[in-house]
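Chemist: This is the structure, below, for whatever I ask next.
All of the numbers you see were taken from the coordinates with simple rules; none came from a lab. Owing to the predicted nature of the structure, the values given are computational and were not obtained by experimental measurement. In this analysis, Cβ positions are derived from the backbone assuming ideal geometry, glycine residues included, and neighbour counts consider all displayed protein chains.
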Amino acid sequence: MGKHNRQGDKDPSISIIARNRKARHNFEILETYEAGISLVGAEVKSLRSGKLTLTESYATIVAGEVILKSLHIPRYLMAADQVTAPDRDRRLLLHKREIRKITRSIQEKGLTLVPLALYFKGGIVKIELAVARGRKRYDKREELTRRDSEREMKRAAKRSQ
């Protein structure tokens with residue numbers, strides 16, 4: 001498991017299901033982890049169709065386990081025998097040492113666990129989880145102006161070549 005680098009997105013065995021685009025805007029990402037997610041078969045089929053809501057979800061630690069809350073995976077219509085609640089809590093699969101490290105991190109004031117992306121890696125559903133600090137409104141504005149200025153500098157450098 002361990003840390004997941006964003007360069008791995010170019011790996012052909014990785015197929016992105018969904019990204020939480022708002023997370024990088026609303027939070028300052030401090031550290032990322034790759035975790036497995038405990039699902040039933042019908043939920044995996046539903047994920048293959050790409051219908052899920054990741055933006056409102058978050059993770060907490062309950063009794064030494066990392067639990068993902070508010071991840072909405074709609075019911076797979078072809079699986080009538082496996083009926084699960086679309087918004088049920090789902091257990092994330094991490095090593096104990098990673099859970100201990102995350103627990104120490106989020107006990108710090110203002111830190112939370114935010115899912116960044118959900119993807120298939122070699123046929124297995126994985127989630128990129130981040131320990132993050134919430135940004136204030138003025139921090140978000142500063143980040144936008146910084147990104148805009150970087151973009152302009154790149155354009156200017158490209159034009160000069």
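Chemist: Cβ-Cβ below 9 Å, separation at least six or inter-chain, first residue in the range 141-161 and touching a residue at least 24 places away in the same chain (Cβ under 8 Å), second surrounded by 10 or more Cβ atoms within 10 Å (Cβ to Cβ) and in a loop (DSSP other than H, G, I, E, B): which pairs?
Modeler: 143/135
Chemist: Have a look at 147, 88 and point out the one that is farther than 30 Å from residue 42 by Cα and of a type in the set (D, E, K, R).
Modeler: Working: 88 fails: farther than 30 Å from residue 42 by Cα.
Testing whether each residue is farther than 30 Å from residue 42 by Cα and of a type in the set (D, E, K, R) leaves just 147.
Chemist: Do we have residue 101 as closer than 28 Å to residue 141 by Cα and surrounded by fewer than 17 Cβ atoms within 10 Å (Cβ to Cβ) here? Outline the logic, then answer.
Modeler: Details: closer than 28 Å to residue 141 by Cα: no; surrounded by fewer than 17 Cβ atoms within 10 Å (Cβ to Cβ): yes.
So residue 101 does not fit the description; no.
Chemist: Against the definition (out of contact with any Phe, Trp or Tyr (no Cβ under 7 Å at 6 or more places or on another chain), assigned to a loop (DSSP other than H, G, I, E, B) and among the polar types (S, T, N, Q)), how does residue 84 come out, yes or no? Let's see the steps before the verdict.
Modeler: Values: out of contact with any Phe, Trp or Tyr (no Cβ under 7 Å at 6 or more places or on another chain): yes; assigned to a loop (DSSP other than H, G, I, E, B): yes; among the polar types (S, T, N, Q): yes.
Yes, satisfied.
Chemist: Right, here's the next one. With in a strand (DSSP E or B), within 16 Å of the chain's Cα centre (by Cα) and over 17 Å from residue 125 (Cβ atoms) as the only criterion, which of 29, 102 stands out?
Modeler: Working: 102 fails: in a strand (DSSP E or B).
After ruling out the rest, the residue left standing is 29.
Chemist: Check 23, 59 and return the single one that is part of a strand (DSSP E or B), touching a Pro at 6+ places or on another chain (Cβ under 9 Å) and surrounded by 12 or more Cβ atoms within 10 Å (Cβ to Cβ).
Modeler: Numbers: 23 fails: part of a strand (DSSP E or B).
Exactly one residue qualifies, and that residue is 59.
Chemist: Within the bounds of the range 126-148, is there any residue that is out of contact with any Ser or Thr (no Cβ under 8 Å at 6 or more places or on another chain), within 24 Å of residue 15 (Cβ to Cβ) and in a strand (DSSP E or B)?
Modeler: Yes, the range 126-148 contains a residue that is out of contact with any Ser or Thr (no Cβ under 8 Å at 6 or more places or on another chain), within 24 Å of residue 15 (Cβ to Cβ) and in a strand (DSSP E or B).
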